[in-house]
Amino acid sequence: MKVILLQDVAKIGRRNEVVDVPNGYAMNQLIPSKKAEPATPANMKKISKVHADMAANASNMEAVFTAAKEAFAAEPLHIPAEMNEKEHLFQAINDADVVAAAKAKGIAITPEMIAFPEVVKASGEHTVTLQHGGHSAQFTINVVNKA
């Protein structure tokens, strides 16, 4: 029986995939537990729209990644943070801080695009990775005192 997976199922497939499984497994396990739905023509039409939206979103995110990479290459991103007199941060810089600083500068990125090679807990310049799909680029953040 062909079903559309509503969530990832081990050894069967990933979310939004159309897979062929034994009838009993589909009717007794997957469909009642809401892990899948039957691959009816109406449901196939819905899933086609989902796949088209995902493809459009992927191309949009690729453009966002390229624009952000170019903007970050031009100058470091300044992130204000609270710190003590020894210039150690009270709280480590996280992806939300980077996204907020980028947004203030007019650069639209998502938290999933940010990766830290090390924890940022001090002022100064630090290297952060911007990633999307199979692409990645390094850029510099400059953590400065908020006061």
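No value in this document is a laboratory result; all are computed from the given coordinates. These numbers were taken from a predicted model, which means no experiment stands behind them. Counting neighbours? That spans all protein chains shown, and the Cβs are built from the backbone with ideal geometry, glycine included.
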Degrees between helix 41-74 axis and first principal axis of the chain (Cα, 0 to 90, nearest 10): 20
Within the under-15-Å Cβ sphere about N84, not counting N84, Lys/Arg +1 and Asp/Glu -1 give a net charge of 0
Which residue, chosen from H135, L30, P80, occupies the Cα position most advanced towards the positive end of the dipole of the chain, where the dipole is computed from +1 (Lys, Arg) and -1 (Asp, Glu) charges on Cβ about the Cα centre? L30
The chain: antiparallel bridges as % of DSSP beta bridges, rounded to 5, reads 80
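Which peptide among 64-74, 128-138 comes first, and what is the full order, when sorted by highest mean count of other Cβ atoms within 10 Å?
Numbers: 64-74: 15.6, 128-138: 14.1.
So the order, starting with the most tightly packed, is 64-74, 128-138.
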In degrees rounded to 10, the 0-90 angle between helix 95-104 Cα long axis and the longest Cα principal axis of the chain is 70
Shape category assigned to the chain from the gyration tensor of Cα positions, a/c cut at 1.5: prolate
What is the dipole size for the chain, taken about its Cα centre, with +1 at each Lys and Arg Cβ and -1 at each Asp and Glu Cβ, in debye to the nearest 20? 780
Whole-Hz ³J(HN,Hα) from phi, Karplus 6.51 cos²θ - 1.76 cosθ + 1.60, for segment 126-134, glycine and proline x: 9, 9, 10, 9, 9, 9, 7, x, x
Other-chain or far-sequence residues with amide H under 5 Å of I79's (modelled H): N142, V143, V144
Can you grab the distance from the C-alpha centre of segment 96-147 to the C-alpha centre of segment 1-47, Å, no decimals? 39
Would you mind checking K45/K103; K69/K121; K46/K69; K46/K105 for any pair whose Cα atoms are more than 28 angstrom apart? K45/K103; K46/K69; K46/K105
Can you tell me how segment 2-57 classifies by the Cα gyration tensor, rounded, prolate or oblate, using a/c under 1.5 as the rounded cut? prolate
Under the definition of Cα pairs under 8 Å and six or more residues apart, what whole-number percent is the relative contact order of segment 63-145? 36
